[in-house]
Amino acid sequence: SKIYFLTGHGERQLAGSDQTGLAGVKRVLEGKNYVIEELNLLASNIIPEDAEVIVIAGPQKPVSTAEIELLKQFLANDGVLIVAEEPPIMTDFGEEADHLAEYLAESWGILLGNNFVDDQTSNTPSVAIGADWGSHVIVQKLAGNAVVLPSARSVSIETAEGISQVMLVSTMAQAWGETDVEALKGNGQGKPDADVDMMGPITLAVVAENLSGQGKVVVFGDVDFMSDAYFPYYVNSDLIVNTVDWSVGKEDLISLTPKQTTTRTV
C-alpha cells in the first residue's frame, strides 16, 4: 500500500534528524510493508494513481485552494486523508486563511478549534492526555491506555449530510480549550472561561466516512504525538499506525505494532 506524506507547507519531515521528525512512523510503517513517499502537490499538481492514503502532518503554512481541489477529487475516488494540525499559535499561518480547516468543516463536519488544550490531569498542562476512547476499530484495543498529545487543539464535530463521524479519543473533564492566545504567549498559562473557552472533556481526534463510499478522513488536533520525541510514549505509536492500517482496510493488523520498552514521565 502506498502512503504519501504531503510536503511544501513546512510539514514534519520523514527523514528529519531531530526529534520533531517522523522517522519512527516511517520505520514502523515500512516494517509493515507500506511504501512511504513524500508528495509536493504545489510542484506536481497531480496525485499519483497509486496513492491510497495522504497524510498532512503539521503544516506550518496553509494548504492552497488548488491543492484542496485535488484532495477533493482524491477522496471522491475512495481515497483516505489523515490530517494532523497544530493549534494556530504553533503555526506560521498569520492572517492567512486555513483552507484545509475550512474544507474539513464544510464538507466533513469536522471543526478544528482556534484554541490550545490545557489539561490539568497532566503533569505538564500543555500536554493533553487522551484516555477516553471512542467506539471505533482504530482504538477499540487501546481502552485502558493513554495517549499524549503535546500542544493540542480541539477537534469537534457537527452534523454533515451524508457523513458518519466518530470520536476517537478525548481528554478527561479537567481539560479545556484555551482561547486567550495572548495569555498563552505571555506566560504560557490561561484560565478556563466557560463563556469563551471550550470546557472538557475535549475531543482530540475524529474519524469521518462518506456514507456513499466516497472517501474517509481522520483528523488529529496535534502532530507532535507522532513525532520522534513522543512516538514511543504510551500508545502514541499504536494510534497513528492503527489509523493507517484501518485506512487501507488492513484491520487484521491493528494493534500488532512491535514495541520497545520505553519509560517516560509526562
Any chance region 136-152 includes a residue that's in contact with a Pro (Cβ under 7 Å, 6 or more places away or on another chain), open to solvent by less than 10 Å² (accessible area, probe 1.4 Å) and assigned to a strand (DSSP E or B)?
no
If you take the residues in region 9-51 that are touching a residue at least 40 places away in the same chain (Cβ under 8 Å) and charged (D, E, K, R), which one is nearest to Met226 (Cα to Cα)?
Arg12
Given (1) farther than 26 Å from Arg153 by Cα; (2) more than 19 Å from the chain's Cα centre (by Cα), Glu69 misses just (1)
With the structure loaded, tell me whether Lys61 is open to solvent by 50 Å² or more (accessible area, probe 1.4 Å) and among the charged types (D, E, K, R) or whether it fails that test.
yes
Tell me, which residue of region 64-81 that is free of Cβ contacts under 8 Å to residues at least 60 places away in the same chain and of a type in the set (Val, Ile, Thr) is surrounded by the fewest Cβ atoms within 10 Å (Cβ to Cβ)?
Thr65
Within region 97-135, the residues that are in contact (Cβ under 8 Å) with a residue 40 or more places away in the chain and open to solvent by 60 Å² or more (accessible area, probe 1.4 Å) are Asn114, Gln120, Thr121, Asn123, Thr124, Asp132
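Do we have Ser107 as among the hydroxyl-bearing types (Ser, Thr, Tyr), closer than 19 Å to Met226 by Cα and in contact with a helix residue (DSSP H, G or I) (Cβ under 9 Å, 6 or more places away or on another chain) here?
Spelling it out, it is not the case that Ser107 is among the hydroxyl-bearing types (Ser, Thr, Tyr), closer than 19 Å to Met226 by Cα and in contact with a helix residue (DSSP H, G or I) (Cβ under 9 Å, 6 or more places away or on another chain).
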In region 104-132, what residues are aromatic (Phe, Trp, Tyr) and within 18 Å of Ile56 (Cα to Cα)?
Trp108
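For region 10-87, give me every one of the helices (runs of 4 or more DSSP H) that falls completely inside it and has 2 or more residues that are in contact with an Asp or Glu (Cβ under 6 Å, 6 or more places away or on another chain).
Output list reads 23-31.
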Residue that is farthest from the chain's Cα centre (by Cα) [pool: residues in region 8-63 that are under 15 Å from Thr243 (Cβ atoms) and basic (Lys, Arg)]
Lys32
For region 54-73, give me each residue that is touching a Gly at 6+ places or on another chain (Cβ under 9 Å) and either aliphatic (A, V, I, L, M) or under 23 Å from Leu239 (Cβ atoms) (or both).
Ile54, Gly58, Pro59, Gln60, Val63, Leu71
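The values are calculated or read from the model by the stated rules, or taken from the named source; none is laboratory data. Bear in mind that the values here come from a model prediction, so they are computed numbers and not experimental data. Positions of Cβ are generated from backbone atoms using ideal geometry, with glycine treated the same way; all protein chains shown enter the neighbour counts. In case anyone asks, the SASA skips ligands and DNA or RNA and just uses the protein heavy atoms, side chains included. Shrake-Rupley method; radii C 1.70, N 1.55, O 1.52, S 1.80 Å.
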